[in-house]
1. Assuming R0 = 41 Å, can you tell me the calculated FRET efficiency for the pair Met93 and Ala44, based on Cβ-Cβ distance, to the nearest 0.05?
2. Trypsin sites (Lys or Arg not before Pro) within the stretch 152-184: which are DSSP loop residues with at most 14 other Cβ atoms inside 10 Å?
3. Please rank Ile49, Ile139, fewest neighbouring Cβ atoms within 10 Å first, as an exposure proxy.
4. Restricting everything to alpha-carbon atoms, can you work out Rg to Rh for the stretch 56-210 with a Kirkwood hydrodynamic radius?
5. Just add up the charged neighbours of Ala88: K/R +1, D/E -1, any other residue whose Cβ is under 12 Å from the Cβ of Ala88.
6. Please rank Val54, Val153, fewest neighbouring Cβ atoms within 10 Å first, as an exposure proxy.
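All of the numbers you see were taken from the coordinates with simple rules; none came from a lab. Just so we're clear, the structure is a prediction, and the values are computed from it rather than from any experiment. Here the Cβ is made from the backbone with ideal geometry for all residues, glycine too, and neighbour counts use every protein chain on show.
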Amino acid sequence: MAAETVADAVAAATEAAVASTADAVASASQAAAVPAEWPSVLNAVYWFIMVPMVYLAVVVLVLGLVGRLVAILRAPPQPYSLRLYPAAKRPAMAALRDTFTMPQVRKRAPAFWVFLMIYHAAFLLLILGHLDILPGLNIMPSDSKHMLGWGAVGVAVTLSTFYFMLRRFRGENRRISVPADYLLLLLLLFTFLFGDFMSWSNSWAGTVSL
């Protein structure tokens, strides 16, 4: 009889302990659960970043460019001549050639010139690739998961930016560089890398094995 009483007491104590543990676990789970309103808040934040802030950035860029252009046009004329000698026979063509081919850079720093050409060509393709998100504009097939260049454009801009960063750690470039120069290059580099991870995962994830 005493044994049965002890067994009943042990069973009752065990059941009480199990029930108490279950209640504690349930209470902890409820406390740690994500509130029901959080997904809607996160969706609102995501929408604000991806829609209004994009248009706001474009508006700020356009207004800044227009304001800068107006300031330049309204500025008083320079007291000295900015002409180059000897004067080119076709100034407009000479200006375009200097702008897009950078012959002086090619003569002084051929390696830098090569990476500049690669960077600007790839950046142009990058802009065209992002225009593909606009409705009604299909640069790539609508059923394709690839961006323009199949990931190679990201490789080009990223490697070029790495080169621009590394060349600032030696020689005359290091002496004339300020912290803002490194910060701007780091911002560019991480922006490209974040885009690369998305582009490369779409284009190469199914074909590259580690």
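1. Result of the calculation: an efficiency of 0.20.
2. Loop-located and lightly packed - Arg170.
3. Numbers: Ile49 10, Ile139 15.
Ranked by crowding around the Cβ, least crowded first: Ile49, Ile139.
4. Rounded to two decimals, Rg/Rh equals 1.04.
5. +3
6. So the residues, fewest neighbours to most, are Val54, Val153.
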